[in-house]
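Student: Pasting a structure below so you can have a look.
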Amino acid sequence: MSQSLTNAQSATVHKPGSQVMVDMLLEHNVDTMFGYLGGVVLPFFDKLYDAPINFIIPRHEQGGCHMADAYARATGKVGVVVATSGPGATNLTTGLATAMMDSTPLVAISGQVRTDLIGNDAFQEADTTGITRPITKHNVIVKNPNELAQAFREAFYIAQTGRPGPVLIDVPVDMQIAQCPIPPKEKIELPGFRVRHQGHARQIGTAVKAINEAKRPVLYVGGGVIISGAGQALRDFAKKANIPVTMTLMALGAYDQTRPESLDMLGMHGSAYANYAVQNCDLLISVGARFDDRVTGALTNFAPHARVVHIDLDPSSISKNVNVDIPVVGDARQVLEAMANEVEYRPRKDWFEQIASWKARHPFQYDRQTDVIKPQSVIEELHRQTGGEALICTGVGQHQMWAAQFYKYHRPRQFITSGGLGTMGFGLPAAIGAKLACPDQTVIDIDGDSSFNMTLTELSTAVMYELPIKVCLLNNGFMGMVRQWQELFYGRRYSKSSLKNPDFARLAEAFGAVGISVHKKEQVPAAIEQMLSETRPVVADFHVDPEENVWPMVPAGKSLHEMDGLDIFEMA
Amino acid sequence: MKHILSALVLNKPGVLAHVAGMFAARAFNIDSLAVGRTDDPSLSRITIVVIGDDRVVEQVRKQLAKIVAVVKVQDFIGQDVVARDLMLIGVTCVPEKRPEMMALIEMFNGKVVDIAQKYVMVEIAGPESKIEAFIDTCRPYGIKSMVRTGTVAMARRARSKTEL
Ligand SMILES: Cc1ncc(C[n+]2csc(CCOP(=O)(O)OP(=O)(O)O)c2C)c(N)n1
């Protein structure tokens, strides 16, 4: 061996792989992570014993993955989760798919059986990279000690560069034991992984010209605006150009909903005024949104009078679902800032008057007179008592839509929900992750009884780590959203859509949390007051109207303006 | 419309599975797929023939490019390309028919690579249309078995002014 080679080798530090893994987490400023033990991750956990990392053990790997996901959504940092091989890794999959659909930066570490056993159906072996390939942005199995450190560096880089997403690193147990080098940190160069941050100047120019000429423009913004930290840029741009803003479920909070230019959420259960505005606009400016079918309704008749500007970091989002007239590939914040420099103010008086009249005529409504507890009223009261400041997480279903309609968000990262995958059971673990990320904020999981049932075991995690999250359960005794569809489209045949629930308040007490049961309308304000004042985790179980529906609704296959349920209250 | 896409990918395990899985997951149809090494040992080339309208194929191209291990994707549509398939085909051929068969093989620029009492195996390369034509020609004799690679393709160099 030549002299120079020996020198180069001795200059590189070698450590057991398990220690390299911990070092890599610290190198990327990981101070909080989530995960669950198992045979093939024991070397790694042994090194975690002394590591300055706040480690949270969920009760199920899915919960841990959602916690890491929400932690990332609340902070913008990369969430980290670890699981053992086989069942540990398969339990991560729902969480990975959830993060993938909503573009959350995540690094998931899975243990794997020894490299010499791979492919032999060894105990707790699963083809983790094979299983998770379509639900991760990238994944890799480390089979060479020389590649371990780099795998971590690339994982953190890929997870948060460009359109974020989950990256999984599968680490066989022998790699954790082997001596692995930690080469000096270099700039990461991945051939073929290029991200265009700045929009193309000519495309921006074309977009600005169209915006200046537009008489009835609408900004339609998606989760990309929150991910890119474009909240302020959006406000500045919308103000300077004088354009109303509608948000997708994922973007709620990107624009201050208390402002008159806010059209709130659009889409299947969006506001009538947002949907009318989109259907009548002459220019639709989409920023960091992807024309999801829950947003567009019938594609052929979506925004029929509009030219479409689409600003997105991911070229594959552009013209995927609708034909875009002016595509701008770039980061939402940078493009909005560039456009704000060039765009000109237009009064658009007629357009804003039209919008104001739609807003006045069709606010989100429900029957406020009845004696039963209306789920929407609970959220309104929650909004009132928290001054609109709480960080809200949700499960999936009607309660999620009501949380989107009746709580008014004013800052990015204030609303954390599984939009793309629609994962029931996301709410409670998400609240735990968000509370760890934002200990000073009031974190509330607005949940449905069926969603809550899926992951409520994580109450035990909240109690163990003394995380005073608040579960606001809108308990209708049904899989409400499913029941609504059965009512509307299957002749009210409620096939298998109700469960026998436990007494959630007593269950909460058994976990060591506080339980509150609410059956009467007049008890709601006091119950919320108590819920907000508790210093322990609390479950407030509101027994709400079992057959309340989410309105308005664009039935599947209909165009956005063809909403049902707008005149329900006028008829009554 | 038929498009030939050429993707340069990292020569790492799982990349082909990723590409093939993406096609299945997004319901894109693959007409043919050919993989092989390149002059750079760290890279492989995947040539994929897809049939679809321009918008679908544009999505395919973007989704391919999005895969981290995919370095570069080209759509050869509208370009002057050389596209070739390779086929081995075993055909029934009794001794009396041999001269006739040989003439056909010659016409198609094929090569006899195996021969038995009542059988020939022919190697033939060329554009897909030529391969198809040869298959049709062999059919009346009786095809015993055949195997084809997918299409591989390369764009012709744009001729510079001095060459003209
Ligand atoms: C894991 C999972 N399984 C099934 C579904 C389908 N699904 C969507 S909403 C819903 C019912 C949700 O009921 P609940 O959590 O009680 O909320 P509600 O609609 O009553 O507010 C179901 C079953 C889903 N989204 N996620």
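The values are calculated or read from the model by the stated rules, or taken from the named source; none is laboratory data. Note that this is a predicted model, so its numbers are computed, not measured. Virtual Cβ from ideal backbone geometry, glycine too; neighbours counted across all protein chains shown. SASA here: full protein model, heavy atoms, side chains in, ligands and nucleic acids out. Shrake-Rupley method; radii C 1.70, N 1.55, O 1.52, S 1.80 Å.
Student: Could you say which residue among A:Trp402, A:Trp351 is within 30 Å of A:Cys65 (Cβ to Cβ) and surrounded by 19 or more Cβ atoms within 10 Å (Cβ to Cβ)?
Tutor: Details: A:Trp351 fails: within 30 Å of A:Cys65 (Cβ to Cβ).
Matching residue, one of A:Trp402, A:Trp351: A:Trp402.
Student: Here is a further query. Which of the residues spanning the stretch B:30-58 are over 17 Å from the mean Cα position of the chain (by Cα) and either within 14 Å of B:Val70 (Cα to Cα) or open to solvent by less than 20 Å² (accessible area, probe 1.4 Å) (or both)?
Tutor: Of everything in the stretch B:30-58, those that are over 17 Å from the mean Cα position of the chain (by Cα) and either within 14 Å of B:Val70 (Cα to Cα) or open to solvent by less than 20 Å² (accessible area, probe 1.4 Å) (or both) turn out to be B:Ser42, B:Leu43, B:Gly52, B:Val57.
Student: Sticking with this structure for a sec: Please give the number of the condition A:Leu459 fails out of (1) within 15 Å of the ligand (Cβ to nearest atom); (2) farther than 22 Å from A:Met101 by Cβ; (3) of a type outside the set (D, E, K, R).
Tutor: Against the list (1) within 15 Å of the ligand (Cβ to nearest atom); (2) farther than 22 Å from A:Met101 by Cβ; (3) of a type outside the set (D, E, K, R), A:Leu459 comes up short only on (1).
Student: Sort out which residues of the stretch A:462-474 are part of a helix (DSSP H, G or I) and either open to solvent by less than 10 Å² (accessible area, probe 1.4 Å) or within 12 Å of the ligand (Cβ to nearest atom) (or both), and write them in order of number. Working first, answer last.
Tutor: Within the stretch A:462-474, the subset part of a helix (DSSP H, G or I) is A:462-464.
The one that is part of a helix (DSSP H, G or I) and either open to solvent by less than 10 Å² (accessible area, probe 1.4 Å) or within 12 Å of the ligand (Cβ to nearest atom) (or both): A:Ala462.
Student: Still on this structure, please answer the following. At positive phi and either small (Gly, Ala, Ser) or over 15 Å from the mean Cα position of the chain (by Cα) (or both): is that true of B:Ala27 in this structure?
Tutor: Numbers: at positive phi: yes; either small (Gly, Ala, Ser) or over 15 Å from the mean Cα position of the chain (by Cα) (or both): yes.
It is true that B:Ala27 is at positive phi and either small (Gly, Ala, Ser) or over 15 Å from the mean Cα position of the chain (by Cα) (or both).
Student: Consider A:Ala303 carefully, then state whether it is in contact with a helix residue (DSSP H, G or I) (Cβ under 9 Å, 6 or more places away or on another chain) and on the phi > 0 side of the Ramachandran plot.
Tutor: On the way: in contact with a helix residue (DSSP H, G or I) (Cβ under 9 Å, 6 or more places away or on another chain): yes; on the phi > 0 side of the Ramachandran plot: yes.
For A:Ala303, the condition - in contact with a helix residue (DSSP H, G or I) (Cβ under 9 Å, 6 or more places away or on another chain) and on the phi > 0 side of the Ramachandran plot - is met.
Student: Moving on. Across the stretch A:184-204, which residue is nearest to the other protein chains (Cβ to nearest Cβ) among those that are part of a helix (DSSP H, G or I) and surrounded by fewer than 15 Cβ atoms within 10 Å (Cβ to Cβ)? Let's see the steps before the verdict.
Tutor: Taking the stretch A:184-204 and keeping what is part of a helix (DSSP H, G or I), we get A:201-204.
Next, only the ones that are surrounded by fewer than 15 Cβ atoms within 10 Å (Cβ to Cβ) stay: A:201-202.
Values: A:Ala201: 22, A:Arg202: 20 Å.
Among them, the one singled out is A:Arg202.
Student: Still on this structure: Give me the pairs, please: first residue somewhere in the stretch A:191-208 and closer than 18 Å to A:Val225 by Cα, second residue anywhere and in a loop (DSSP other than H, G, I, E, B), beta-carbon distance under 7 Å, and either six or more positions apart or on two chains.
Tutor: A:Val195/A:Thr161; A:Val195/A:Gly162; A:Val195/A:Leu313; A:Arg196/A:Gly330; A:His197/A:Gly330; A:His197/A:Asp331; A:Gln198/A:Gly330; A:Gly199/A:Gly330
Student: Out of the stretch A:439-456, which residues are open to solvent by less than 10 Å² (accessible area, probe 1.4 Å) and more than 16 Å from the ligand (Cβ to nearest atom)?
Tutor: A:Val443
Student: Those residues that are assigned to a helix (DSSP H, G or I) and either aromatic (Phe, Trp, Tyr) or more than 16 Å from A:Ser357 (Cβ to Cβ) (or both), I need them from the stretch A:240-277; list them, please. Steps first, please.
Tutor: Applying the first criterion (assigned to a helix (DSSP H, G or I)) to the stretch A:240-277 yields A:240-241, A:249-251, A:272-277.
Correct list: A:Lys240, A:Ala241, A:Leu249, A:Met250, A:Ala251, A:Tyr273, A:Tyr276.
Student: Further question: Grab the strands (runs of 3 or more DSSP E) fully contained in the stretch B:1-93, keeping just those with 1 or more residues being within 14 Å of another protein chain (Cβ to nearest Cβ). Before the answer, list the steps.
Tutor: Details: elements: B:2-10, B:30-37, B:43-51, B:70-75, B:81-92.
Correct list: B:2-10, B:43-51, B:70-75.
Student: Could you pull out the residue among A:Lys408, A:Lys435 that is away from the ligand (no atom under 16 Å from the Cβ), under 17 Å from A:His66 (Cα atoms) and either away from every other protein chain (no Cβ under 14 Å) or not hydrophobic (A, V, I, L, M, F, W, C) (or both)? Full working, then the answer.
Tutor: Working: A:Lys408 fails: under 17 Å from A:His66 (Cα atoms).
After applying the criteria, what remains is A:Lys435.
Student: Give me the residue from the stretch B:94-132 that is among the small types (Gly, Ala, Ser), surrounded by fewer than 13 Cβ atoms within 10 Å (Cβ to Cβ) and not in a strand (DSSP E or B) and, out of that set, nearest to the chain's Cα centre (by Cα). Working first, answer last.
Tutor: In the first step, residues of the stretch B:94-132 are kept if they are among the small types (Gly, Ala, Ser); the result is B:103, B:110, B:116, B:125-126, B:129.
Subset that is surrounded by fewer than 13 Cβ atoms within 10 Å (Cβ to Cβ): B:103, B:116, B:129.
Filter once more, keeping what is not in a strand (DSSP E or B): B:103, B:129.
On the way: B:Ala103: 25, B:Ser129: 11 Å.
Checked the stretch B:94-132; the qualifying residue nearest to the chain's Cα centre (by Cα) is B:Ser129.
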